[in-house]
1. If you take the residues in the stretch 339-379 that are small (Gly, Ala, Ser) and farther than 13 Å from residue 402 by Cβ, which one is most open to solvent (accessible area, probe 1.4 Å)?
2. Name every residue in the stretch 308-345 that is of a type in the set (A, V, I, L, M) and touching a Pro at 6+ places or on another chain (Cβ under 6 Å), in order of residue number.
3. In the stretch 320-379, what residues are outside any strand (DSSP E or B), touching a Phe, Trp or Tyr at 6+ places or on another chain (Cβ under 7 Å) and within 17 Å of residue 188 (Cβ to Cβ)?
4. Considering only the stretch 94-195, give the strands (runs of 3 or more DSSP E) lying wholly within it that have at least 3 residues that are under 30 Å from residue 83 (Cβ atoms).
5. Just give me the residues in the stretch 276-301 being in contact with a strand residue (DSSP E or B) (Cβ under 7 Å, 6 or more places away or on another chain), in contact (Cβ under 8 Å) with a residue 24 or more places away in the chain and open to solvent by less than 20 Å² (accessible area, probe 1.4 Å), in sequence order.
6. Suppose we keep only residues that are among the polar types (S, T, N, Q) and in a strand (DSSP E or B) within the stretch 47-93. Which one would you say is surrounded by the most Cβ atoms within 10 Å (Cβ to Cβ)?
7. Could you grab me the full set of residues in the stretch 187-205 that are farther than 14 Å from residue 353 by Cβ and either touching a Leu at 6+ places or on another chain (Cβ under 8 Å) or open to solvent by less than 10 Å² (accessible area, probe 1.4 Å) (or both)?
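The values are calculated or read from the model by the stated rules, or taken from the named source; none is laboratory data. Remember, predicted model here, so these are calculated numbers, not experimental data. Neighbour counts are summed over all protein chains in view; Cβ atoms, including those assigned to glycine, are modelled from backbone coordinates with ideal geometry. Only protein heavy atoms, including side chains, enter the accessible area calculation; ligands, DNA and RNA are left aside. Shrake-Rupley method; radii C 1.70, N 1.55, O 1.52, S 1.80 Å.
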Amino acid sequence: MKHVIIGNGIAGVSGAEAIRMQDATADITIIGDETFPPYSRPMISQVLDGSQPHGRLPIRSDHFYDDLKIIALLGQRADSIDVDNRQVLLADGTRVDFERLLIAAGADARPLKAEGLGLKNIFYMRTQEHVKQQLSALEGARRAVVLGGGLVGFKAAYGLLKRGLGVTMLIASEYPLSMQVDETAGRMILNELVGAGLIVEVGVTVCAFEGNGSVQAAVTDAGTRLPCDMVIIGKGVLPCRTFIPKGQIEVDLGVVVDEHLQTRVPGIYAAGDVAEMVDIARGCRWVNALWPEAAGQGRVAGLNMAGRSVAYPGSLSRNVMRVFDLDVLTVGNANPRGDGDYRIVQTSGAAEKYYRRLVIRDDVLVGAVMINGIEQGGVLRSLIENRIPIRLPPESLIASGFNFGRLLH
């Protein structure tokens with residue numbers, strides 16, 4: 001069997017390992033646009049802040065491809081998929097035949113529309129090459145602007161602040177992490193960022209950059225000019241899907257797959273940040289661009305490609321991060337938008353740097369936000385994944401010291 005995998009990240013690597021585990025003789029080819037070995041993308045922020053060296057990024061040995069007898073076409077980006085002839089067309093004109101295909105191309109940084117983007121020292125933060133360039137730009141830099149109030153934006157701002165730069169965060173929404181948390185939690189996080197020395201402006205976007213070769217200032221939509229020596233853009237990601245024939249392979253935000261990670265074209269699968277499947281908490285299709293989701297989906301896709309029928313239970317958003325003195329956990333649909341019969345219970349305020357918010361639908365927990373005291377986060381995740389009915393008054397669940405393990409029995 002001839003397997004081709006588009007993508008050299010954790011989803012693609014996990015898929016290749018699963019195939020090889022099931023089939024010692026299968027032909028496996030990986031196509032990847034980076035030439036660096038498989039690495040931990042979440043760790044690039046730790047390279048920026050100096051807590052980890054660049055050499056710690058790889059997650060597989062230099063002999064990975066040889067050990068698994070994989071043909072690695074690195075430094076190549078898929079240009080299109082010829083579904084009828086079962087071929088992947090590369091940008092250099094090469095055609096790669098496949099019998100089964102895994103689309104694990106990941107996601108690219110969400111592009112920014114602004115004048116002056118071509119100036120030096122304006123970076124996205126998505127790849128190990130990006131962080132290498134950022135480290136090179138640190139010499140002589142004193143002021144930085146970070147665009148975006150999500151996880152990437154915070155990690156970039158933290159890293160630059162730790163390196164001794166003055167950092168201004170510009171956030172288009174009214175508070176940080178607005179896609180993950182509600183306003184109360186967001187205001188707690190905002191206060192923490194400001195208290196730690198970051199300058200944070202909310203409800204602001206950038207329309208232009210100024211400079212002579214290298215960036216010297218960012219100009220906001222309010223006309224404010226912010227002097228800076230470097231800029232990091234961290235405004236989320238979009239699935240890599242431009243090479244996918246949408247008339248044959250169903251694509252919404254991501255590539256639509258079933259519980260076996262297969263698209264509507266037999267023998268073509270998708271996994272990771274590019275894949276769209278049922279979200280356990282929301283009950284609808286969703287793209288959860290998370291490292292553990294990508295690893296699990298890649299493995300299940302690989303097993304199915306190799307002939308073993310394995311179902312994936314659905315994706316689930318979750319994040320755990322430390323924001324200076326706040327431990328923040330979010331899981332599931334913690335900040336539901338639009339219509340829906342949700343019951344939300346939460347603690348009243350943020351005075352003690354302690355917060356709980358639970359989102360319940362049809363007596364089942366579907367989302368949660370916890371700030372500090374997050375040790376029971378794994379239990380909350382289990383409650384959501386297993387759709388365990390809540391038999392106690394919801395208000396009792398937010399009491400300090402409540403043992404969520406009681407709900408599992």
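1. Step one: list which residues in the stretch 339-379 are small (Gly, Ala, Ser), which gives 340, 348-351, 367-368, 373, 377-378.
Retained after the next criterion (residues that are farther than 13 Å from residue 402 by Cβ): 340, 348-351, 367, 377-378.
Working: 340: 41, 348: 126, 349: 30, 350: 44, 351: 97, 367: 0, 377: 7, 378: 54 Å².
So the residue we want is 348.
2. First, the residues of the stretch 308-345 that are of a type in the set (A, V, I, L, M): 310-311, 316, 320-321, 323, 326, 328-329, 331, 334, 344-345.
345, the sole residue that qualifies.
3. Residues of the stretch 320-379 outside any strand (DSSP E or B): 324-325, 333-342, 347-354, 362-363, 372-379.
Now drop any that are not touching a Phe, Trp or Tyr at 6+ places or on another chain (Cβ under 7 Å), which leaves 336, 347, 372-373, 376, 379.
Of everything in the stretch 320-379, those that are outside any strand (DSSP E or B), touching a Phe, Trp or Tyr at 6+ places or on another chain (Cβ under 7 Å) and within 17 Å of residue 188 (Cβ to Cβ) turn out to be 347, 372, 373.
4. On the way: elements: 95-97, 100-103, 107-109, 122-124, 143-147, 166-171.
Per the criteria, 95-97, 100-103, 107-109.
5. Of everything in the stretch 276-301, those that are in contact with a strand residue (DSSP E or B) (Cβ under 7 Å, 6 or more places away or on another chain), in contact (Cβ under 8 Å) with a residue 24 or more places away in the chain and open to solvent by less than 20 Å² (accessible area, probe 1.4 Å) turn out to be 276, 277, 279, 281, 288, 297, 301.
6. Restricting attention to the stretch 47-93, the residues satisfying the condition of being among the polar types (S, T, N, Q) are 51-52, 61, 76, 80, 85, 87.
Within this subset, residues satisfying the condition of being in a strand (DSSP E or B) are 80, 87.
Working: 80: 14, 87: 17.
This residue is 87.
7. 197, 198, 200, 201, 202, 204, 205
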